[in-house]
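Okay, structure first, notes after.
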Amino acid sequence: MKSQLVKRSYQVCVIAAFLFAFSLLSAPATFTSDLSDLIAQGDKCFQADDYAKAIEYYEKAVELDPSNYIALLNLGFSLAELERYDESLKCYKKAKEAGAPFKEGFILTGKAKEFYDKGINFIKAKNYQEAIKSFENAIKEDPSNVMAINNIGWIYKNINGDNKKAEEKFKEAIKKNPLFSVAYNSLGKLYYDNKSPQKCILFYSAELEMGISDPVRRTKVENRIIEMKNLR
């Protein structure tokens, strides 16, 4: 009798283990519930230009924490890449409401500052190729130096007339730091000059949400938005 009970108990354990293993294999794929991991996965897709997949991760992150402004900003930029402009602008507004600390510039130190300042001086001297080299060196010293990235984009656009490379640099700056409001202005100006109303309105409107300290520039942005709306 005892041997039969042991045998029966063993069979139950085997069946339970099999059912558990089968449930793992047949369960649908789910997103991790860890907020930081969701954002990291979104960033990975974002950097690979897989915006549709990035949106999925960022939306899950926002579901977990509706006040996470980094997830909201990257969600907004991903939506913009898929031309979902109205949804994108809502994300920027929500990020502002969540207290996103937008900045028009950042403090640089050490070699990064030294190279950056040289780049500015080269621009003033109209030595633009040397300016690009200096900004690139500044970025090597500090890869988060979005001001240098944005300035290289400015040279591509305004001096070299290469709008494609300029756009890539402005977007690179936003990808590295979505809190850098000047890069949104750069894209807004690029699309304004190219007569791309929807894109222009989005990035200028996003910049307005972030706050523009210079009243003259703020008025110019507001007027350009009105002008672009008339072109739609």
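Looking only at region 86-105, which residues are surrounded by 15 or more Cβ atoms within 10 Å (Cβ to Cβ) and part of a loop (DSSP other than H, G, I, E, B)? Once the filter is applied, which keeps residues that are surrounded by 15 or more Cβ atoms within 10 Å (Cβ to Cβ) and part of a loop (DSSP other than H, G, I, E, B), region 86-105 yields A98, A100, F102, E104.
Of the residues making up region 197-207, none is closer than 16 Å to F102 by Cα and out of contact with any Phe, Trp or Tyr (no Cβ under 9 Å at 6 or more places or on another chain). Going through (1) of a type in the set (S, T, N, Q); (2) modelled with pLDDT of 95 or more; (3) touching a strand residue (DSSP E or B) at 6+ places or on another chain (Cβ under 9 Å) one by one, N177 falls short only on (2). Looking only at region 185-197, decide whether some residue is buried (at least 24 other Cβ atoms within 10 Å of the Cβ) and either aromatic (F, W, Y) or in contact with a strand residue (DSSP E or B) (Cβ under 9 Å, 6 or more places away or on another chain) (or both). Taking every residue of region 185-197 in turn, none turns out to be buried (at least 24 other Cβ atoms within 10 Å of the Cβ) and either aromatic (F, W, Y) or in contact with a strand residue (DSSP E or B) (Cβ under 9 Å, 6 or more places away or on another chain) (or both). Within region 209-220, can you find the residues that are out of contact with any Lys or Arg (no Cβ under 9 Å at 6 or more places or on another chain) and in a helix (DSSP H, G or I)? Of everything in region 209-220, those that are out of contact with any Lys or Arg (no Cβ under 9 Å at 6 or more places or on another chain) and in a helix (DSSP H, G or I) turn out to be P215, V216, R217, R218, T219, K220. May I ask you to verify whether P215 is of a type outside the set (F, W, Y) and either in contact with a His (Cβ under 8 Å, 6 or more places away or on another chain) or under 28 Å from S78 (Cβ atoms) (or both)? No: the conditions fail for P215.
Count of region 126-173 residues, restricted to those that are part of a helix (DSSP H, G or I) and either assigned by TED's automatic domain parsing to the domain that holds Y51 or among the polar types (S, T, N, Q) (or both), is 7. Mind telling me which of the residues L108, L72 ends up being surrounded by 17 or more Cβ atoms within 10 Å (Cβ to Cβ) and modelled with pLDDT under 95? Answer to the check: L108. Put simply, of K140, K169 the only residue that is at pLDDT 95 or above and surrounded by fewer than 21 Cβ atoms within 10 Å (Cβ to Cβ) is K140. Whether a residue is in contact (Cβ under 8 Å) with a residue 12 or more places away in the chain, crowded, with 21+ Cβ neighbours inside 10 Å, of a type outside the set (F, W, Y) and not in a loop (DSSP other than H, G, I, E, B) was assessed, and I123 does not pass this test. For region 139-186, a residue qualifies if it is more than 13 Å from the chain's Cα centre (by Cα) and aliphatic (A, V, I, L, M), and the qualifying residues are I139, M147, A148, I149, I152, I155, I159, A166, V182.
The values are calculated or read from the model by the stated rules, or taken from the named source; none is laboratory data. Please read all numbers here as calculations on a predicted model, not as lab measurements. A quick note on method: Cβ atoms are made from the backbone with ideal geometry, for glycine too, and the neighbour counts reach across all protein chains shown.
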